[in-house]
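Enquirer: Have a look at this one before I ask anything.
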Amino acid sequence: AQTVTQSQPEMSVQEAETVTLSCTYDTSESDYYLFWYKQPPSRQMILVIRQEAYKQQNATENRFSVNFQKAAKSFSLKISDSQLGDAAMYFCAYRSAYGSEKLVFGKGTKLTVNP
Amino acid sequence: DSGVTQTPKHLITATGQRVTLRCSPRSGDLSVYWYQQSLDQGLQFLIQYYNGEERAKGNILERFSAQQFPDLHSELNLSSLELGDSALYFCASSVGGGYQPQHFGDGTRLSIL
């Protein structure tokens, strides 16, 4: 079974600075999808960014980018120019390209943005 | 707004009772997924339906059941409720398969007293 590990329960960053959240996963599959979701205090789950395992180019969405290292099974999220609205729980998730479409989530990283 | 609607937003009930959580997926989405978020277990997949048929099952208790109706809305039924069932229950939807992301509703907060 696949597992996702987020080793940083909490992180903090100064407004306008850059922060990187770590995520590693364990799988024997060669094709899969990776996602970062954001959960602000309002508790919504909001998709931040996604990556397909067969694409070598790292995904970017405005201030959010990933560093995808397939061999190392690492999928970190970089937030540039951090804003107060970025404060939230961030969840890394794995989905297999075969069979079940379920998302396997990490335990999350709580990000605090300091003014 | 994700386009996924969950009702009710909050539910407070007692042990031993039965409740039904409702989910309306985004327009055009055929797949519905249910997840449970609790402090000790984190976010866990419960079950998936695709166009009315059960597609995948996760860590769903036998006391829980779900279905997807012809209009594609889904219901999650929780019975013989225990204190440990207190959690946030999310519904998500997608067009199904491939690279398509799952879009989450706002969740139903279930509190068992």
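Enquirer: What do you reckon, is A:I79 closer than 27 Å to B:R109 by Cα, under 11 Å from the mean Cα position of the chain (by Cα) and of a type outside the set (S, T, Y)? Give the steps one after another, and end with the answer.
Expert: On the way: closer than 27 Å to B:R109 by Cα: no; under 11 Å from the mean Cα position of the chain (by Cα): yes; of a type outside the set (S, T, Y): yes.
No, not satisfied.
Enquirer: Moving on. Run B:N77 past the list (1) of a type outside the set (F, W, Y); (2) buried (at least 20 other Cβ atoms within 10 Å of the Cβ); (3) touching a residue at least 24 places away in the same chain (Cβ under 8 Å); (4) part of a strand (DSSP E or B) and report the number of the one that doesn't hold.
Expert: Status for B:N77: all satisfied but (2).
Enquirer: Do we find a residue being closer than 19 Å to B:A56 by Cβ and at pLDDT 95 or above anywhere in segment A:50-68? Before you say what the answer is, go through the steps one by one.
Expert: First, pick out the residues of segment A:50-68 that are closer than 19 Å to B:A56 by Cβ: none.
No: zero hits.
Enquirer: Keeping to segment B:92-113, report how many residues are among the charged types (D, E, K, R) and more than 7 Å from chain A (Cβ to nearest Cβ).
Expert: 1
Okay, residues lined up against (1) under 21 Å from A:L47 (Cα atoms); (2) within 12 Å of the chain's Cα centre (by Cα):
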{"position": "B:G52", "(1), (2)": "no, no"}
{"position": "B:L61", "(1), (2)": "no, no"}
{"position": "B:A66", "(1), (2)": "no, yes"}
{"position": "B:E75", "(1), (2)": "no, yes"}
{"position": "B:S79", "(1), (2)": "no, no"}
{"position": "B:E82", "(1), (2)": "no, no"}
{"position": "B:L88", "(1), (2)": "yes, yes"}
{"position": "B:S93", "(1), (2)": "yes, yes"}
{"position": "B:Y99", "(1), (2)": "yes, no"}
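Enquirer: State all residues of segment A:59-89 that are within 12 Å of chain B (Cβ to nearest Cβ) and closer than 18 Å to A:T5 by Cβ; if no residue qualifies, say none.
Expert: The one that is within 12 Å of chain B (Cβ to nearest Cβ) and closer than 18 Å to A:T5 by Cβ: A:M89.
Enquirer: When you scan segment B:20-42, how many residues do you find that are facing another protein chain (nearest Cβ under 9 Å) and either within 13 Å of B:Q102 (Cα to Cα) or within 12 Å of the chain's Cα centre (by Cα) (or both)?
Expert: Count: 4.
Enquirer: Failed condition for B:F64, given (1) in contact with a helix residue (DSSP H, G or I) (Cβ under 9 Å, 6 or more places away or on another chain); (2) in contact (Cβ under 8 Å) with a residue 24 or more places away in the chain; (3) surrounded by 16 or more Cβ atoms within 10 Å (Cβ to Cβ); (4) over 29 Å from A:Q51 (Cα atoms), with all others met?
Expert: Result: B:F64 passes all but (2).
Enquirer: Tell me, please, whether a residue that is touching a strand residue (DSSP E or B) at 6+ places or on another chain (Cβ under 6 Å) and within 14 Å of another protein chain (Cβ to nearest Cβ) can be found in segment A:5-17.
Expert: The answer is yes; a qualifying residue exists.
Enquirer: Is it fair to say A:R43 is surrounded by 15 or more Cβ atoms within 10 Å (Cβ to Cβ), free of Cβ contacts under 8 Å to residues at least 40 places away in the same chain, more than 10 Å from the chain's Cα centre (by Cα) and within 14 Å of chain B (Cβ to nearest Cβ)?
Expert: Spelling it out, A:R43 is indeed surrounded by 15 or more Cβ atoms within 10 Å (Cβ to Cβ), free of Cβ contacts under 8 Å to residues at least 40 places away in the same chain, more than 10 Å from the chain's Cα centre (by Cα) and within 14 Å of chain B (Cβ to nearest Cβ).
Enquirer: Return the pair list, or none, for Cβ contacts closer than 6 Å from residues in segment B:3-24 that are in a loop (DSSP other than H, G, I, E, B) to residues that are basic (K, R), at least 6 apart or on different chains.
Expert: Correct list of pairs: B:G3/B:R26; B:V4/B:R26.
Enquirer: Let me spell it out: the conditions are (1) closer than 22 Å to A:G108 by Cβ; (2) away from every other protein chain (no Cβ under 14 Å); (3) part of a loop (DSSP other than H, G, I, E, B), and B:G84 meets all of them except one. Which number is the exception?
Expert: Of everything listed in (1) closer than 22 Å to A:G108 by Cβ; (2) away from every other protein chain (no Cβ under 14 Å); (3) part of a loop (DSSP other than H, G, I, E, B), B:G84 misses just condition (3).
Enquirer: Residue by residue through segment A:29-84, note down the ones that are closer than 16 Å to B:Y99 by Cα and among the small types (G, A, S).
Expert: Listed by number, the residues that qualify are A:S30, A:A53, A:A59.
Enquirer: Additional query: Given the criteria in a loop (DSSP other than H, G, I, E, B), more than 8 Å from chain A (Cβ to nearest Cβ), in contact with a Ser or Thr (Cβ under 9 Å, 6 or more places away or on another chain) and at pLDDT 95 or above, does B:L72 qualify?
Expert: yes
The values are calculated or read from the model by the stated rules, or taken from the named source; none is laboratory data. Given the structure is predicted, the values throughout are model-derived calculations rather than measurements. Don't worry about glycine lacking a Cβ; one is built from the backbone with ideal geometry, like all the others, and counts go over all protein chains shown.
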